[in-house]
Structure formats: structure tokens, C-alpha cells
Amino acid sequence: MVAKAGSDDKLWLSGNEAIARGAWEAGVTVASGYPGTPSTEILENLVKYDDVYTEWAPNEKVALEVGVGASFGGARTLVTMKHVGLNVAADPLFTASYTGVRGGLVIICADDPEMHSSQNEQDNRNYAFAAKLPMLEPSDPAEALVMLKEAFELSEKFDTPVLFRTTTRLAHVKSVVAVGERALGSVELKFEKNPQKFVMLPGHARMRRRVVEERQQQLRDFAEGYSANESHLADTKMGIITGGVAYLHAKEAFPEASFLKLGMSWPLPEKAIKEFAAKVDELVIVEELDPFYENHIKAMGVACEGKDKVPAMGELNAAIIKQALGGDIGDILPAAEMPMRPPNMCPGCPHRGTFYNLAKLDVFVSGDIGCYTLGALPPLAAMDACVCMGASVGIAHGLTKALGADSYKKTVAIIGDSTFVHSGITGLANMVYNKSHATVFIVDNRITAMTGQQPNLSSGSTLMGEAANSIDFEQLCRAVGVEHVRLVNPHKISEAKKVFKEEIERDATSVVICQAPCVLLPEMRKAKVMPLAIAVDDCTGCRACVGLGCPAISWTSITPEEAKAMGKKEKQKGYASISPEMCNGCGQCQEVCKFSAISAREDV
């Protein structure tokens, strides 16, 4: 457990670490979420503190429902997810706006401008507007800690869930943060029967709808005096309204300008905005992604500029902002140029064998979100669609229904263990119910690997390190009605391919479970491995092993003269070799080599 730093201490924390610390200081006793960059490290750090029950839920909808239930019991509760996760949680979110809370309920939604690890870059400030909920948005880790504690006070004062927006840059940047002591909330932990508030029958919901509108007006009044909405007047030739990380970028770009920094993204302080606008000659809105502030400020009748100058896509930085607003970027330190490195599955990743086989078959592969999404990239290039968590199953089913006879022989879905639990089970049940003939491949590596090896319902342990039930996918699939379920080891490429072909040809819904542990699991890292080597004399240059795309395998080109000198055919263009430092002896390359050129290294 982490040390309980005193109220006068300062720590070097990332935004996610600061949020975890702020939750502990705010008296949070229950926290639930689903891992997803850039939010993942919040719960991974919060679990280190005593007195907080912390869990990974199977998906974001369940996580929010857990949070709502804990709040109804009087607990201060934190729910975490990345921006697309709020789409999954939208159903309970909109109704929780009506029910309100007992204990404070704060929902972290971490946006990902530039799509560093996401399939879109939606702007979740729009959810605050649509669900009629307050949203706070800090600009740095120190402010994140303070504002998170304020968010719980706000939640209980106005009987509302509170949205707390972060972005990738805030989540991962580090700064000095002043920390304090833990203070528990004042709401009594108990069952409270209040069906008019908690049971959203239409009659009750109509009454609560009026409560929500009254709350909106109270929140607008609060926003006018909220301390995190800060006005800084300097040179009044240009005034900038901004918030979040964009404030720091804009301040670096134009330190001499006047600023209105919005710490409360919604509702907006209309009076403060109009007063600030009246004091500057030119008003510019600087915000990442959508023209959210801009549109609402224009609706107030305030003239301003924004997305006609500042980009609406990707992350902002000081240089982009200064250039967009006509400034000289010569005095801004350029960002360091980092060498490009294409994403790739780890050496020994079990998913590689699955995709290698699928690439050899004439099938349309409906993919999903996870490490295995990398199967879409060369040289495997074995994924043809990918939309969102769990969608692979429904898309494959839809394709078979649209294309009709024999399409099932060319349509498969591929989904990871965590994603299958997240939102794939219902899709599979639908396939059985509606008599689909596609094949679903569950690539089960026993962990939520893409976001950093977080445990899930199949892993056998919880976030808090306790032993837990591990879902048996074979039994689960049979329970929803799948009669044909096969279990294979994806490292055994030849054996797996035979099973793949049989199930793809089957005239019924079928499931193939490709089960092998993630190579980054602690037990796999500790295991003694025997790296493989390629005998150069036996390598014919067929490139079959290179086709796996394993980072441990490299290719050396040779000229016809060099080939002849090596005793090879002059038309051989090169040979492969294996890095002993990177190889973990999974054996996939041995499986595909037809010339017995690969064997265990003799020098280890």
C-alpha cells in the first residue's frame, strides 16, 4: 500500500496518479471501471490505497451501474473509463442524471485527441450537455487532485453525478502535486427506500425531469462563482477562452494575452463569459476537438472565432495554436523528433499464429478491439473490419445474413477474452438464436493485454489481487447454445489450421477458442525459455518465417555473388535470423519452416 503522505507534502505525480490520490483524499470507498488508455492507471494506483474497494468490471455499463448502486448506499464512488467507454455506459448515465445520488458519484471519462490508442477521438463534453450533467476539466495533475475532491462536494450538494474530463496529455504528464489527508464523506452508509427518487417509472421520471431542470439552473448560478473558472486580464488586444490542457498550450503560445480559463466545462458561466468578452478587442476560443465552447458561446450572442482558425482534429500544442492565430513560432521549442516504430505483436504472441492461419484462408475476418487488432497490419494483413468493442460478432452475423448462401464459409469473427466478456456474449447468443453460420474465434490469452495486463473475468484473480472464478469459455459458449466448440493451441499452427478449416466449413454457428497465455504475464516472464536459431546453411530464403511478422525475426538481403559464395543458389535473395534476446521459444517459426532450418539454440 502507498504511503499516506501528510497535508504539507508534495509528490511527483502523473494526472492519473493525482486523480487516484484525490479519490482517496475525497473519501472514496468504492471504485469500478474498465481498463482503456488513457484512463487505466487511475484504478491501478487507487487499488494501492487502503480503505477503498476497487474492481475491474466486465464493461463500462456494469462499472457505472456498480457506481450508481454504491452511491445509492451513501458511498463516495469513482467510476473510470476512456471516452468510447462512455458510449457503452450511456444508458445508465442518462437515467442516473434523473435519479441523482446519495453519496458523491464522479465519472472519469478520458478523451484521446490524436487517437493514440483509440478508434475515434470523440469529444465527451457533448455528453455533459446531452445528459444535463456538470462536467469539470482540470488542466494539470495538481489541479486534477483538487478539482476531483471538489467534484464529490458538487455531486452531493446538487444531487447529481459529475463528469470529470481528462485527456491523454493530462493523464500521462507529470508535475509536482500538493497532497492532503483523507476525509470521509458525511452521507450515512445505509439502505434508503425512496422509490420516487430511485425507481424510474414514467410517473416518477416525469417528476425527476423537473428536478433535473431546476438543478441545471442552480448549476449555472454555481458556475458563475466557481473558483476554477479563472479570468486573467493582461493585454486586451486578444482574449482567449479555453480550458483543460489546451489552456497550458495557449498560455505558452500567447503569455501576454488575456485568458478566461474554464475549469467547469458545463454548464458555462454566461455572465462571466460576456463580461470577459466585453473587455477584449478580439475573442478567440481555443479548445481540443469539437467547437463545444464556441458553439455555446455564439449561442449566447457573443462574437468569437475558433475552429475557423484552430484545428478541430488531433491534439493541440503551443506551436499549432500560435501558428493558427498568426503568431511567430520561432520562439517555441520544437517537439523532439522520435524515430517511428510500427506497432507489432510481441515476440511469441499467441495471436500471431491465429492470424497467420486466417491469412492463408479465403475468409472475411470481422475483427475487434485489442492487441489482436494488430493482425490487420502487414505482413499478416488478416483483418477486414473493426468497429468497436464486441462488434466483430454482430458484424460477422450481419454479413452472413446479407450475403446469403455459402457466405458463412467465408465469414469469421475474432474477439479477445476480455472483449468477449465485455460485449461479445450477447452477439454470440444472437448468432445461435437467429441461426447464423459464421465462426467465432475467441483468442483467449487470459488477460486484458492491450491496456497493460489487467485481470478480467477469465484471469482467475481480481484487481485487488484476490483469487477469483475463471470463466470457462467452452462451457459458456455451450450454455448459450453453440453445439460446436473447439479448443486449440494457436502456437501449433498446423493442428490449428486443420480445425479452422473444419469449423469454417461447418453449416452451423461454431466457436474456436485459441487459448495460450500472454507472453507478458508474470509467470511467462519468469519461465525459462529456450530461444530458437536459424541455421544459415539450411535457410533457403523462402521467407515463410518472416511472414509471421515476429519482431525477433530479421531478414538479411544478399547479392547473387554473396549467395554463391555462401554455397546457396544464386537466385536466393537473403536469409532470416532470430534475435536470441527477443525470442521466447514459442515455436511458431519452427511450425512454418518446411526445411527444418530452425531449432533450439545450442549456446544457451
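The values are calculated or read from the model by the stated rules, or taken from the named source; none is laboratory data. Remember, predicted model here, so these are calculated numbers, not experimental data. Please note: Cβ atoms are built from the backbone with ideal geometry, for glycine as well, and neighbour counts cover all protein chains shown.
Numbers at a glance
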quantity	calculated
Flag if ALA563 is outside any helix (DSSP H, G or I), in the same structural domain as CYS589 (by TED's automatic domain parsing) and surrounded by 12 or more Cβ atoms within 10 Å (Cβ to Cβ)	no
Members of the range 70-87 found to be β-branched (Val, Ile, Thr) and under 15 Å from ASP123 (Cα atoms), listed by number	VAL84
Identity of the residue in the range 68-92, within 24 Å of THR167 (Cα to Cα) and touching a Leu at 6+ places or on another chain (Cβ under 6 Å), that ends up surrounded by the most Cβ atoms within 10 Å (Cβ to Cβ)	THR80
Single residue of THR168, THR160 found to be buried (at least 20 other Cβ atoms within 10 Å of the Cβ), in contact with a His (Cβ under 8 Å, 6 or more places away or on another chain) and either modelled with pLDDT under 95 or in the same structural domain as ASP111 (by TED's automatic domain parsing) (or both)	THR168
Count - residues of the range 504-535 that are among the acidic types (Asp, Glu) and at pLDDT 95 or above	0
Sole exception among (1) touching a Cys at 6+ places or on another chain (Cβ under 9 Å); (2) of a type in the set (Gly, Ala, Ser); (3) under 23 Å from SER418 (Cα atoms) for ALA533, by number	(3)
Number of the exception - GLU503 against (1) in the same structural domain as VAL432 (by TED's automatic domain parsing); (2) over 30 Å from PHE364 (Cβ atoms)	(2)
Residue that is modelled with the highest pLDDT [pool: residues in the range 396-409 that are part of a loop (DSSP other than H, G, I, E, B) and not charged (D, E, K, R)]	GLY404
Of all residues in the range 109-127 being touching a Lys or Arg at 6+ places or on another chain (Cβ under 8 Å) and among the hydrophobic types (A, V, I, L, M, F, W, C), the one that is nearest to ALA312 (Cα to Cα)	ALA110
The listed residue being in a loop (DSSP other than H, G, I, E, B) and either modelled with pLDDT under 95 or among the hydrophobic types (A, V, I, L, M, F, W, C) (or both), out of VAL412, VAL365, VAL393, VAL387	VAL387
